[in-house]
Amino acid sequence: MSDAGQPHPFPTRTLAQVASRITDGSHFSPIPQRQGPLIANVKDMKSGRIDYDGCTRISTLAFRELKATGCVIKSGDVLLSKDGTVGRVVVYESDQEIGALSSICLITPQDGQDARFLGHALQSHDCVRQYENAMSGSALRRLVLRDIRQIRVPTPTVDEQAKVALILDTLDTTIHQTEAIIEKLKQVKQGLLHDLLTRGIDANGELRPPQSQAPHLYKDSPLGWIPAEWQVELLDDVAVRGSGHTPSKSVPSYWNGGVRWVSLADSHRLDQIFIEATDKEISDLGIANSSAVKHTAGTVVLSRDAGVGKSAVLGSEMAVSQHFIAWRCSERLNNLFLYFKLQHMKPTFEAIALGSTVKTIGLDYFRKLRISVPARSEQDKAAEVMMAAEADVRSEQVELKKMRLLKSGLMDDLLTGRVRVTPLLRAAAA
């Protein structure tokens, strides 16, 4: 079949052929100072920029020595992390010169090479594969300068480089703006959570004023100041507490039997309100021959070992391992309200956990655990408000995921030359 009319892939050249300088930062760490110029490490390369707040300050004399040996980052340099976390890229566009440690490779493009395009190219799938093939070291993975110089990158015309970089930069800007929105929404959500669980919602549907402003609306309690209408209850009095168990691993018929089983392997699924899937399953036979039980959908679970304080609401009938506590709420306690209360208490759980290697909270603590309990109607309203705040965060996270997927696809197409940028720009302008 003829490929007439199809664009040809961009030619490629090695970094050594397109850069006027490829070096790394200082191999010695200057003594930190309270004041002075900055020096950056890989940890300071975040979201395509240098996080100045995390950089170390060094003496003016040490900075001069770095500058004399070419270990200073300048505007127009492309930075590539080469030790430990390999493959982070920053296109440095600030006029502020800063030092660099040896974990950062400094690449200065030749005249006629677009630094922004090169920055995107170094994050492409093809370059990432080249890093993986070239990395050495077992404990600390790294790239050496000799191999970095041989990394091949696409080299279209300067005009095409600029157009590709413009499209990808625009996407990056939108992605960073969305990330900032998500962080802001998370901060708002945390503040709202604190207010709802300490001040609550009055009869008019508004947050009560703080105790310092309206002391008559509050009363002293074993848990501190709480709204006058609230009660302090043993959690066991308003919810049925259960635990979990691990069936014998030596009996194959106890496992993979269709009963979802929450374990520490599911830590990454916790703290997201509902848990719908699990890493492992057990069988009804495994339940019958152990202390494991099935907990109904809506049961609230909390990790008391290892990842202490992580919680979730079961999205369907599930069993849990012995590392979890489970509560089935009575009519007096909204399960989502309990979930958000456990989230609010997470720092406390982390602080009281004991153990040198594996942190844990003993069952006796939960037998005595008291919580403040508003009227059920107030719990329902608080849970509704928090679910709306969660929905706002999730909505932005979905958009962020879409944009990242779009960028990944565009990078693969535009940086290889498989799709040419000029027709895309014409279509966008039409």
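The values are calculated or read from the model by the stated rules, or taken from the named source; none is laboratory data. These numbers were taken from a predicted model, which means no experiment stands behind them. Glycine gets a Cβ as well: all are built from the backbone with ideal geometry, and neighbour counts include every protein chain shown.
Of all residues being part of a strand (DSSP E or B) and touching a residue at least 40 places away in the same chain (Cβ under 8 Å) in the range 253-263, which is farthest from the chain's Cα centre (by Cα)? Just the residue, please.
Val259
Given the residues Val78, Val86, which is the only one that is within 27 Å of Arg404 (Cβ to Cβ) and modelled with pLDDT of 95 or more?
Among Val78, Val86, only Val78 is within 27 Å of Arg404 (Cβ to Cβ) and modelled with pLDDT of 95 or more.
Find all pairs meeting these conditions: Cβ atoms under 8 angstrom apart; at least six residues apart or on different chains; first residue within the range 41-52 and at positive phi; second residue among the aliphatic types (A, V, I, L, M) and surrounded by 13 or more Cβ atoms within 10 Å (Cβ to Cβ).
Between residues of the range 41-52 that are at positive phi and residues that are among the aliphatic types (A, V, I, L, M) and surrounded by 13 or more Cβ atoms within 10 Å (Cβ to Cβ), the close pairs are Gly48/Val89; Gly48/Val90; Gly48/Val91.
Go through (1) farther than 16 Å from Ala297 by Cα; (2) assigned to a strand (DSSP E or B); (3) charged (D, E, K, R) for Asp266 and report which single condition fails.
(2)
Of all residues in the range 257-304, how many are under 28 Å from Met387 (Cβ atoms) and of a type in the set (Asp, Glu)?
4
Out of Ala277, Ala312, which single residue is more than 26 Å from Ser377 (Cα to Cα) and touching a helix residue (DSSP H, G or I) at 6+ places or on another chain (Cβ under 8 Å)?
Going through Ala277, Ala312 in turn, just one is more than 26 Å from Ser377 (Cα to Cα) and touching a helix residue (DSSP H, G or I) at 6+ places or on another chain (Cβ under 8 Å): Ala277.
Please enumerate the residues belonging to the range 264-278 that are over 20 Å from Ser291 (Cβ atoms), free of Cβ contacts under 8 Å to residues at least 40 places away in the same chain and surrounded by 14 or more Cβ atoms within 10 Å (Cβ to Cβ).
The answer is none; no residue qualifies.
Grab the strands (runs of 3 or more DSSP E) fully contained in the range 92-186, keeping just those with 2 or more residues being β-branched (Val, Ile, Thr), within 30 Å of His27 (Cα to Cα) and at pLDDT 95 or above.
In the range 92-186, 104-109 are the strands (runs of 3 or more DSSP E) which contain 2 or more residues that are β-branched (Val, Ile, Thr), within 30 Å of His27 (Cα to Cα) and at pLDDT 95 or above.
If you scan the range 102-116, which residues turn out to be touching a helix residue (DSSP H, G or I) at 6+ places or on another chain (Cβ under 8 Å) and under 19 Å from Met45 (Cβ atoms)?
Within the range 102-116, Ser103, Ile104, Cys105, Ile107, Pro109, Arg116 meet the criteria.
Please go through the range 223-252 and pick out each residue that is in a helix (DSSP H, G or I) and in contact (Cβ under 8 Å) with a residue 12 or more places away in the chain.
If the condition is that a residue be in a helix (DSSP H, G or I) and in contact (Cβ under 8 Å) with a residue 12 or more places away in the chain, then Leu235, Asp236, Val238 are the ones that fit.
Considering only residues of the range 393-411 that are basic (Lys, Arg) and free of Cβ contacts under 8 Å to residues at least 40 places away in the same chain, which is farthest from Gly191 (Cα to Cα)?
My answer is Lys402.
In the range 23-37, which residues are in contact with a helix residue (DSSP H, G or I) (Cβ under 7 Å, 6 or more places away or on another chain) and buried (at least 20 other Cβ atoms within 10 Å of the Cβ)?
Asp24, Ser26, Pro30, Pro37, listed by residue number.
Can you find even one residue in the range 280-299 that is basic (Lys, Arg), over 22 Å from the mean Cα position of the chain (by Cα) and within 20 Å of Asn335 (Cα to Cα)?
Within the range 280-299 (the criterion being basic (Lys, Arg), over 22 Å from the mean Cα position of the chain (by Cα) and within 20 Å of Asn335 (Cα to Cα)), the answer is yes, since at least one residue qualifies.
Restricting attention to strands (runs of 3 or more DSSP E) lying wholly within the range 1-75, give those where 1 or more residues are basic (Lys, Arg).
12-14, 19-24
Please specify each residue of the range 19-46 satisfying the condition of being touching a strand residue (DSSP E or B) at 6+ places or on another chain (Cβ under 8 Å) and among the charged types (D, E, K, R).
Arg21, Asp24, Arg34, Asp44
Gly191 passes all but one of (1) surrounded by 19 or more Cβ atoms within 10 Å (Cβ to Cβ); (2) assigned to a helix (DSSP H, G or I); (3) out of contact with any helix residue (DSSP H, G or I) (no Cβ under 8 Å at 6 or more places or on another chain); which number fails?
(1)
Applying the selection to the range 76-91, what residues are within 21 Å of Pro156 (Cβ to Cβ) and either assigned to a strand (DSSP E or B) or outside the structural domain of His27 (by TED's automatic domain parsing) (or both)?
Result: Val78, Leu80, Val89, Val91.
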